[in-house]
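The values are calculated or read from the model by the stated rules, or taken from the named source; none is laboratory data. Not measured: the values here are computed from a predicted model. Backbone-built Cβ (ideal geometry, glycine too); neighbour counts: all protein chains shown. Surface areas here come from the heavy atoms of the whole protein model, side chains and all, with no ligands, DNA or RNA. Shrake-Rupley method; radii C 1.70, N 1.55, O 1.52, S 1.80 Å.
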Amino acid sequence: MATFLDGADPHAITTAADALRAGELVAFPTETVYGLGADALNDRAVAQVFAVKNRPHFDPLIVHLPNQASARVYATGIDYRATVLMERFWPGPLTLVLRKKPLIPDLVTAGLDSVALRVPAHPIALALLRATGKPIAAPSANPFGYVSPTTAMHVQELLGDKIKLIIEGGPCQVGVESTVCLLTDKDAVILRPGGVTIEEIESVIGHVEVATTQVDARSPGTLPRHYSPHVVLQLLPLDAPIPHPQPSERVGLVLFAARPVGPGYTVVEHLSKRGDFVEAAANLFAALRRMDGLGVDRVVIESVPEHGLGRAIMDRLRRAAARS
Ligand code: TXA
Ligand code: MG
């Protein structure tokens, strides 16, 4: 079992910062999901992150920073687009992929010549970054491929036997990971839809390309199967009628918004009864985890419209439902 530290306690932040500087791992809250943090400049600590998550070494990590100014320490080629995006969306759920400076270990970036940077908006994450005085490499604090954690208890259940410290900071407000935007090419490319919507990004820098395929070479972490519970997930097409389970089956149903459902489902959950994307995203991963704990034969899940945060939700649902 890992020790919970209360993120509201300044002593707890000092303890966690000391541990990070000593090369240990600390799980901490961000506004998107809980991260598994390591000193990004310490190769051995970063190697531990890959080991604990069972993460393949080809999948690079996001480096978290306390402020916009520190981006220039670790990246070059910060152009006008990068600057306006940082000004508009940092701190917040936007990760920018920029040309890396040699200071960042190759292990962090999986040997790429780019580095992913983000300033998180969670006050505890920011306090930890300031107290540590180092960039923190942090993937989501879950075993590779599984549903991401949005509470400290999720982290305890998933990785509690492998790490020593978890900072408790309540449920994550955004609930899906940051949007990953590549800025090293001439055209900006969205590699992963997330907490900042594509519409919001386009309102600042104009048209962006969206990596649409399930696997994009520029985005090593986007595997067809990801964010997946163990139970079989069946994703319904948008506005499809809800099927009727066989009486012999135990089936869970996850609805986006409130709508009439016939009998036969063991459990019915709503991501947001009023059909609100923000609320749905915040509930998404916890709902998938609850469904995984029910011992049902399968889970039917409704699609959501693909605009705004709906894109990030559908990206996660498609990957969660993929079988291999
Ligand atoms: O919201 C988030 O971003 C959370 C919290 C903890 O900050 N972190 C997170 O990390 O989702 P992770 O490791 O689960 O996802 C990182 C994503 C992967 O898809 C990875 O391939 C991509 O960022 N990435 C990182 N560095 C990259 C690079 N240099 N080029 C392209 N993609 C990169
Ligand atoms: Mg992840």
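Condition check for residue 209 on (1) touching a residue at least 60 places away in the same chain (Cβ under 8 Å); (2) within 30 Å of residue 184 (Cα to Cα); (3) open to solvent by 20 Å² or more (accessible area, probe 1.4 Å); (4) out of contact with any Lys or Arg (no Cβ under 9 Å at 6 or more places or on another chain): one failure, at (1). Checking each residue in region 1-52 for being exposed (fewer than 15 other Cβ atoms within 10 Å of the Cβ) and in contact with a Ser or Thr (Cβ under 7 Å, 6 or more places away or on another chain) picks out no residue at all. For region 118-140, the set of residues classified as open to solvent by less than 40 Å² (accessible area, probe 1.4 Å), in a loop (DSSP other than H, G, I, E, B) and in contact (Cβ under 8 Å) with a residue 60 or more places away in the chain consists of 120, 122, 135, 138, 139, listed by residue number.
Being open to solvent by less than 70 Å² (accessible area, probe 1.4 Å) and more than 16 Å from ligand 1 (Cβ to nearest atom) is the requirement here; does residue 251 meet it? First the steps, then the outcome.
Working: open to solvent by less than 70 Å² (accessible area, probe 1.4 Å): yes; more than 16 Å from ligand 1 (Cβ to nearest atom): yes.
Answer is yes for this residue.
Looking at region 141-161, I want the residues that are among the aromatic types (Phe, Trp, Tyr) and have a partner that is within 11 Å of ligand 1 (Cβ to nearest atom) and open to solvent by less than 10 Å² (accessible area, probe 1.4 Å) with Cβ atoms under 7 Å, at least 6 apart or on another chain. Which pairs are those? Within 7 Å, the pairs are 144/53. When region 56-78 is filtered for residues that are assigned to a strand (DSSP E or B) and small (Gly, Ala, Ser), only 75 remains. Close contacts from region 16-37, counting a first residue that is free of Cβ contacts under 8 Å to residues at least 60 places away in the same chain and a second that is more than 8 Å from ligand 1 (Cβ to nearest atom) and not in a helix (DSSP H, G or I), with Cβ to Cβ under 6 Å and a gap of 6+ residues or different chains, come to 23/42.
Looking at this structure, is residue 201 closer than 22 Å to residue 24 by Cβ, open to solvent by less than 20 Å² (accessible area, probe 1.4 Å) and outside any loop (DSSP other than H, G, I, E, B)? Write out each step before concluding.
On the way: closer than 22 Å to residue 24 by Cβ: no; open to solvent by less than 20 Å² (accessible area, probe 1.4 Å): yes; outside any loop (DSSP other than H, G, I, E, B): yes.
No.
Return yes or no: is residue 224 at pLDDT below 95 and within 16 Å of ligand 1 (Cβ to nearest atom)? For residue 224, the condition - at pLDDT below 95 and within 16 Å of ligand 1 (Cβ to nearest atom) - is met. Considering (1) within 16 Å of ligand 1 (Cβ to nearest atom); (2) in a strand (DSSP E or B); (3) touching a residue at least 40 places away in the same chain (Cβ under 8 Å), the lone condition that residue 233 does not fulfil carries the number (1). Here residue 115 fulfils each of the conditions (1) open to solvent by less than 10 Å² (accessible area, probe 1.4 Å); (2) within 16 Å of ligand 2 (Cβ to nearest atom) apart from (2). The residues of region 97-112 that are near ligand 1 (Cβ under 10 Å from one of its atoms) and either over 16 Å from residue 71 (Cβ atoms) or touching a helix residue (DSSP H, G or I) at 6+ places or on another chain (Cβ under 7 Å) (or both), listed by number, are 98, 100, 104, 108, 110, 111, 112. For the structure I just gave you, tell me whether residue 174 is crowded, with 21+ Cβ neighbours inside 10 Å, part of a loop (DSSP other than H, G, I, E, B) and at pLDDT 95 or above. Taking the combined requirement at face value, the residue satisfies it.
Kindly check whether there is at least one residue in region 295-316 that is free of Cβ contacts under 8 Å to residues at least 60 places away in the same chain, more than 24 Å from residue 190 (Cα to Cα) and exposed (fewer than 13 other Cβ atoms within 10 Å of the Cβ). Yes, region 295-316 contains a residue that is free of Cβ contacts under 8 Å to residues at least 60 places away in the same chain, more than 24 Å from residue 190 (Cα to Cα) and exposed (fewer than 13 other Cβ atoms within 10 Å of the Cβ). One residue stands out in region 127-169 among those that are in contact with a Phe, Trp or Tyr (Cβ under 8 Å, 6 or more places away or on another chain) and more than 16 Å from ligand 2 (Cβ to nearest atom): the one that is nearest to residue 53 (Cα to Cα), namely 156. Of all residues assigned to region 260-273, none qualifies as being among the aromatic types (Phe, Trp, Tyr), touching a residue at least 12 places away in the same chain (Cβ under 8 Å) and within 16 Å of ligand 1 (Cβ to nearest atom). One residue alone among 261, 278 is open to solvent by 20 Å² or more (accessible area, probe 1.4 Å), farther than 29 Å from residue 158 by Cβ and of a type in the set (A, V, I, L, M, F, W, C), and that residue is 261.
With respect to residue 103, is the statement that it is in contact (Cβ under 8 Å) with a residue 12 or more places away in the chain, open to solvent by 30 Å² or more (accessible area, probe 1.4 Å), closer than 14 Å to residue 138 by Cβ and in a loop (DSSP other than H, G, I, E, B) true? Criteria not met by residue 103.
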